[in-house]
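Engineer: Here you go, one structure.
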Amino acid sequence: MIHRRLTVFLLALLFTLPLGGRVSAEAPLQVVATTGMIADAARQVGGDLVEVRALMGPGVDPHGYRQTRTDIVAMTRADLVLWHGLYLEAQMEDFFGDLSRKRNVVAVAEALPRDDLRRHADYEDKFDPHVWMSPVLWKQVVRQVQAALAETRPEDAEVFAANAETHLAELDALAAYAETSMARVPDANRVLLTAHDAFGYFGDAYGVEVLGIQGISTESEAGLNRIGALVDMLVARGISAVFVETSVSDRNIRAIIEGAAAKGHAVTIGGELFSDAMGPEGTYEGTYVGMIDHNVTVIAAALGADVPARGMSGKLSAGS
């Protein structure tokens, strides 16, 4: 009922709006992005020429997120709306279809070549949306953000292009740090077990076996058989570290640890990772580069690699 009321509210707003299009350079572009990662890309590329609002803040799970009345107002007033696509914001897809009739709405990850994406057995004809876990793949999303900004304000296209090149160089440095750090993890320890299957692209990029208790969406359920099988695997292979996520309940991870303990095998939490949301706003971990730097450093250290405690440039918070 609530969702229906929001839809009616949206449609009423749409009929009062002019068609979206190119925007003059009189004021900063008003950009709304669904996830923090996309919002960060828009800020990096747009610089002082944009004002960006992220709908989903730290700790928010995008898989089950539904737009609020405040979100609807913000998006209907925005010059540009950026969303991820690839079924990440599954509950909002119909909304974006309606909104795109009047506003400039771009799904920035949908343009990625399908050969670069991971298919998943749980979702026929759909792909793993967690492409931000690979800085190399994320560079393509940054390019889509650049294109969307340039299309919205063509007279500033050269500024957006220059800002994008600066940010892409940062992503190259991040990818190099991740590759070097993960290469130091001993072969026997190259297993990453997390609350849900969000780290597949990370595993593909850096040669790590990734196991999620839940599937690629947190909306899926983890059964007792799945938890039991993972406990047996941890015990049999002597794996001693698992990881929690900031945007997902740690209930299943705790069940894994307790199950292993019941079989005489000690498993500890190797650290807390950012999966579907970044860190607190205003912090280094609240940027895309800081998010991935944190994840790489925490994972590599917990799995036995010798890496800098404060990350690739010494900016990570103490205890990250």
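The values are calculated or read from the model by the stated rules, or taken from the named source; none is laboratory data. A quick note: this is a predicted structure, and the numbers were derived from the prediction, not measured. Because the Cβ atoms are built from the backbone with ideal geometry, glycine has one as well, and the counts that use them run over all protein chains shown. Please note that ligands, DNA and RNA were not included when accessible areas were found on the heavy atoms of the full protein model with its side chains. Shrake-Rupley method; radii C 1.70, N 1.55, O 1.52, S 1.80 Å.
Engineer: Run down the lysines and flag those whose C-alpha is under 29 Å from the C-alpha of K139, throwing out any fewer than 8 positions away in its chain.
Structural biologist: Candidates past the 8-residue exclusion: K102, K126, K315.
Engineer: Now a separate question. Angle, helix 157-183 long axis vs. longest principal axis of the chain, Cα atoms, 0 to 90°, nearest 10?
Structural biologist: Once rounded, the angle reads 0 degrees.
Engineer: Can you give the angle from 0 to 90° between the axis of helix 224-237 and the longest principal axis of the chain, with both taken from C-alpha atoms, to the nearest 10?
Structural biologist: Around 50 degrees separate the two axes.
Engineer: Using alpha carbons only, how many degrees (0 to 90, rounded to 10) separate the axis of helix 251-262 from the longest principal axis of the chain?
Structural biologist: Roughly 0 degrees, rounded to the nearest 10.
Engineer: Residues of segment 97-243: accessible area per residue at 1.4 Å, in Å²?
Structural biologist: Details: 6350 Å² over 147 residues.
That works out to 43 Å² per residue.
Engineer: At most 10 other C-beta atoms within 10 Å and a DSSP loop state: those are the exposed GluC sites (Glu not before Pro) I care about. Give me the longest piece of the chain that has none.
Structural biologist: It runs 27-220.
Engineer: Okay, moving on. Enumerate by residue number the trypsin sites (Lys or Arg not before Pro) in segment 237-320 meeting two conditions: DSSP loop (anything except H, G, I, E, B), and at most 15 other Cβ atoms within 10 Å of the site's Cβ.
Structural biologist: Details: sites: R237, R251, R254, K263, R310, K315; in loops: K263, R310, K315.
Hits after loop and neighbour filter: K263.
Engineer: Compute the Cα gyration tensor for segment 51-201, then decide on rounded, prolate or oblate, letting a ≥ b ≥ c be the square roots of its eigenvalues: rounded whenever a/c is under 1.5, prolate when a/b is larger than b/c in the other cases, and oblate in all that remain.
Structural biologist: Oblate shape, in that a/c is at least 1.5 and b/c is the bigger or equal ratio.
Engineer: If you roll a 1.4 Å probe over the heavy atoms of the protein chains, what accessible area per residue do you get for segment 272-320, in Å²?
Structural biologist: 37
Engineer: May I ask you to give the average projected area over all directions of the convex hull of the Cα atoms of segment 153-264, in nm² rounded to one decimal?
Structural biologist: So the mean shadow area of the Cα hull is 9.5 nm².
Engineer: Any chance you could list P(r) for the chain, counting all Cα-Cα pairs in 20 angstrom bins from zero, rounded to whole %?
Structural biologist: 32, 55, 13, 0
Engineer: Given a 1.4 angstrom probe, I'd like the percentage of the accessible area of segment 61-195 that is carbon and sulfur, rounded to a whole number. Don't skip to the answer; put the middle values down first.
Structural biologist: On the way: 2550 of 5670 Å².
The C+S portion of the solvent-accessible surface of segment 61-195 is 45 percent.
Engineer: What part of the accessible area of segment 221-279, given as a whole %, is carbon or sulfur when the probe is 1.4 angstrom?
Structural biologist: 51
Engineer: Looking at the chain, send over the antiparallel percent of its DSSP beta bridges, to the nearest 5.
Structural biologist: 10
Engineer: Beyond 19 Å, what percent of the Cα pairs of segment 86-139 remain?
Structural biologist: Value for segment 86-139 (Cα pairs over 19 Å): 35 percent.
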